[in-house]
């Protein structure tokens with residue numbers, strides 16, 4: 001068994017090779033493995049080192065902590081950059097995070113994400129791309145998967161809209177706007193996960209990966225698929241809560257804007273799905289109206305390449321912090337915890353298309369865009 005030294009030093013990430021597999025282990029449990037700039041750099045450095053290394057057949061990213069795979073980006077850090085007017089540090093964080101997301105999405109070897117516990121925001125950015133590499137997105141009983149950004153006045157970034165826009169029906173629009181968290185069966189149903197395994201079986205799976213003989217990256221994937229086949233997710237994905245609400249989700253969230261989604265839900269209050277409509281309306285009334293409108297548009301625009309999506313995400317981070325609700329949202333939900341954000345628009349009905357379109361203006365000329373070199 002070959003073991004090489006860590007290619008990048010961060011005490012919040014361990015990266016090493018064992019049994020021809022590159023392991024990335026997130027080690028920031030007190031922050032639920034929220035990504036710092038240092039963690040992003042350490043993960044990317046490891047991927048760069050292993051990319052051409054014939055002794056690395058596949059990559060496994062995981063957390064040894066039961067509560068979370070990765071709860072997102074370091075929101076407090078981003079708030080502090082806003083407080084001290086340090087736009088450069090914030091730009092650096094997002095530029096490096098999105099470069100990492102793209103590197104995973106285009107990685108030439110199977111990339112496997114073991115997604116236990118909380119998988120939100122930036123955690124989706126370092127896991128969803130596995131699907132494009134011939135790798136796997138593995139979910140467990142404890143998995144809670146979400147892009148909850150509208151709650152803090154942001155939007156589903158990290159390229160997640162590329163995946164959300166390719167979910168069945170209007171599910172991606174629903175998840176982007178509401179920020180709803182879904183479990184393993186829902187994730188499988190929506191095409192945001194590939195296989196299921198019990199949480200209790202993860203240590204044995206990792207032991208098998210460290211000892212079984214592999215000749216190709218595909219053998220590593222086959223091994224995980226074989227182990228996962230012994231486990232059954234309950235409920236069956238076709239009976240998951242997303243599947244059960246699918247007709248309602250498609251009926252309401254296919255509407256072209258959030259005001260019309262809301263009006264449509266209001267009409268549902270007298271029908272059989274009154275409870276579901278009521279709960280969904282309550283969620284929408286609590287989110288940032290501007291962020292919800294932007295999030296719907298982000299999913300609608302995510303038809304192109306991942307590179308295009310990430311460039312747009314970077315543009316939006318600028319406008320969300322400069323003229324959106326993000327700083328106020330983080331203050332109200334995370335910093336002061338008063339849960340009384342003063343959104344830029346008081347009501348969903350007050351947001352007009354011009355306000356939304358303006359958020360998508362890029363502060364960079366195409367030739368000067370920090371992510372201009374990303375391709376695919």
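The values are calculated or read from the model by the stated rules, or taken from the named source; none is laboratory data. In this text the structure is predicted, and so the values were computed from the model without any measurement. Cβ: placed from backbone, ideal geometry, glycine included. Neighbour counts: every protein chain shown.
Please find, among 298, 247, the residue that is surrounded by 16 or more Cβ atoms within 10 Å (Cβ to Cβ) and assigned to a helix (DSSP H, G or I).
Just one listed residue meets the conditions, 298.
So is residue 172 surrounded by 24 or more Cβ atoms within 10 Å (Cβ to Cβ), out of contact with any helix residue (DSSP H, G or I) (no Cβ under 7 Å at 6 or more places or on another chain) and either at pLDDT below 95 or not in a loop (DSSP other than H, G, I, E, B) (or both) or not?
It is false that residue 172 is surrounded by 24 or more Cβ atoms within 10 Å (Cβ to Cβ), out of contact with any helix residue (DSSP H, G or I) (no Cβ under 7 Å at 6 or more places or on another chain) and either at pLDDT below 95 or not in a loop (DSSP other than H, G, I, E, B) (or both).
Could you grab me the full set of residues in segment 358-369 that are in contact (Cβ under 8 Å) with a residue 12 or more places away in the chain and in a helix (DSSP H, G or I)?
358, 359
Using the structure shown, decide if residue 114 is assigned to a strand (DSSP E or B) and under 26 Å from residue 52 (Cβ atoms).
yes
Can you tell me which residue within segment 301-331, out of those that are free of Cβ contacts under 8 Å to residues at least 60 places away in the same chain and farther than 19 Å from residue 164 by Cβ, is surrounded by the most Cβ atoms within 10 Å (Cβ to Cβ)?
319
I need the full set of residues from segment 117-148 which are more than 20 Å from residue 179 (Cβ to Cβ), in contact with a strand residue (DSSP E or B) (Cβ under 8 Å, 6 or more places away or on another chain) and not in a loop (DSSP other than H, G, I, E, B), in order please.
Result: 129, 130, 131, 136, 138.
So which residues in segment 72-91 are surrounded by 19 or more Cβ atoms within 10 Å (Cβ to Cβ) and on the phi > 0 side of the Ramachandran plot, if there are any at all?
Within segment 72-91, just 72 meets the criteria.
Select from segment 67-91 the residues that are part of a loop (DSSP other than H, G, I, E, B) and more than 27 Å from residue 107 (Cα to Cα) and list them in ascending order.
Once the filter is applied, which keeps residues that are part of a loop (DSSP other than H, G, I, E, B) and more than 27 Å from residue 107 (Cα to Cα), segment 67-91 yields 67, 84, 85, 86.
Name the residue, out of 283, 220, that is in contact with a strand residue (DSSP E or B) (Cβ under 7 Å, 6 or more places away or on another chain) and touching a residue at least 40 places away in the same chain (Cβ under 8 Å).
220
Is it the case that residue 234 is within 27 Å of residue 130 (Cα to Cα), surrounded by fewer than 18 Cβ atoms within 10 Å (Cβ to Cβ) and either in contact with a helix residue (DSSP H, G or I) (Cβ under 8 Å, 6 or more places away or on another chain) or at pLDDT below 95 (or both)?
Spelling it out, residue 234 is indeed within 27 Å of residue 130 (Cα to Cα), surrounded by fewer than 18 Cβ atoms within 10 Å (Cβ to Cβ) and either in contact with a helix residue (DSSP H, G or I) (Cβ under 8 Å, 6 or more places away or on another chain) or at pLDDT below 95 (or both).
Here is a yes/no grid of residues against (1) part of a helix (DSSP H, G or I); (2) within 16 Å of residue 158 (Cβ to Cβ):
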{"site": "271", "(1), (2)": "no, no"}
{"site": "277", "(1), (2)": "yes, no"}
{"site": "293", "(1), (2)": "yes, no"}
{"site": "311", "(1), (2)": "yes, yes"}
